[in-house]
Amino acid sequence: MRDVRSDPELQELARRFVRPDRRYLRLGGSLRRLSAVERATFVRDLAQAAHEITPAELGILFEGGWRERKTAAWLVAVAHRTEFRDLIGRLLLASGGPYAGAAYCVALARFGTAADAELLAAYLDHYLSRPDLDYDQPIVLGTLLYLDGVRGSESASRFLAPGGPWDRWLEARAVAALDPDDCRQGMQHLCAFVDETAEAFAPVNDGRQQP
């Protein structure tokens, strides 16, 4: 992992793509708290960043800390850079740090293929058997349910069978039940924002600047 505090190259990329308008903090649930004007500006700037950043620069951000990785995953989602699928799948499974897991899920949901569903299922196969690790299990399950709805598949069904992996994970953790559909709706809201930003990204990517 590269440390932004001692890596000039990573520092410069963080200055350009991660920190403007506190981007790394706003990407996620706080998007719903933006005013209409703030949202329009944020969408425009995020689309422009997704257009400007190169694959090599994204690769460097993915070597940074959670702020850099989180932002990189969102930029990948907006630009639909599926060449990062395998890397994102590895980072999700590794769970090497906090806060970025939901962003990885956003990217995989945006890609929306059977290969992405397999990466999410692999995570659940591993981490639903680890109730001692309270990581990204709910959002990953919600993302898989979201993809099932989009693709007309049933990849999440085996995890949600009565007495199955999800129920056992909740029981072992001795917490109040989490509604998987709430998790799905959360991912649906995030994907709607990605779609909105991708619409702004398309004309920028074609060289026609937004007014």
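For segment 46-60, the set of residues classified as surrounded by fewer than 20 Cβ atoms within 10 Å (Cβ to Cβ) and within 14 Å of A198 (Cβ to Cβ) consists of Q48, H51, listed by residue number.
Could you list all residues from segment 10-19 that are of a type outside the set (F, W, Y) and surrounded by 12 or more Cβ atoms within 10 Å (Cβ to Cβ)? Correct list: L10, Q11, E12, L13, A14, R16, V18, R19.
Selection over segment 167-182 of residues that are over 21 Å from the mean Cα position of the chain (by Cα) and either touching a residue at least 40 places away in the same chain (Cβ under 8 Å) or open to solvent by 70 Å² or more (accessible area, probe 1.4 Å) (or both) gives a count of 8. When segment 27-44 is limited to residues that are open to solvent by 60 Å² or more (accessible area, probe 1.4 Å) and in contact (Cβ under 8 Å) with a residue 60 or more places away in the chain, the one that is nearest to F17 (Cα to Cα) turns out to be R44.
Which of the residues that make up segment 69-91 are within 18 Å of R23 (Cα to Cα) and open to solvent by less than 10 Å² (accessible area, probe 1.4 Å)? Quick ask: steps written out before the conclusion?
Taking segment 69-91 first, the residues within 18 Å of R23 (Cα to Cα) are 69-79.
Correct list: T71, A72, A73, W74, L75, V76, A77, V78.
Yes or no, residue by residue, for (1) outside any loop (DSSP other than H, G, I, E, B); (2) among the hydrophobic types (A, V, I, L, M, F, W, C):
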position: G89; (1), (2): yes, no
position: G97; (1), (2): no, no
position: C105; (1), (2): yes, yes
position: L120; (1), (2): yes, yes
position: D125; (1), (2): yes, no
position: Y135; (1), (2): no, no
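Exactly one residue out of A122, A94, A115 is without any contact (Cβ under 8 Å) to a residue 12 or more places away in the chain and open to solvent by 40 Å² or more (accessible area, probe 1.4 Å): that is A94. Checking the structure you have, find out if any residue of segment 170-185 is modelled with pLDDT of 95 or more and not acidic (D, E). Yes, segment 170-185 contains at least one residue that is modelled with pLDDT of 95 or more and not acidic (D, E). Quick check on segment 21-33. Is at least one of its residues part of a loop (DSSP other than H, G, I, E, B) and over 14 Å from T197 (Cα atoms)? The answer is no; no qualifying residue exists.
The values are calculated or read from the model by the stated rules, or taken from the named source; none is laboratory data. Just so it is clear, the structure is predicted and the values come from calculations on it, not from any experiment. Cβ coordinates were reconstructed from backbone atoms using ideal geometry, including for glycine residues, and neighbour counts include every protein chain displayed. We work out accessible area using only protein heavy atoms, side chains counted, and drop any ligands, DNA or RNA first. Shrake-Rupley method; radii C 1.70, N 1.55, O 1.52, S 1.80 Å.
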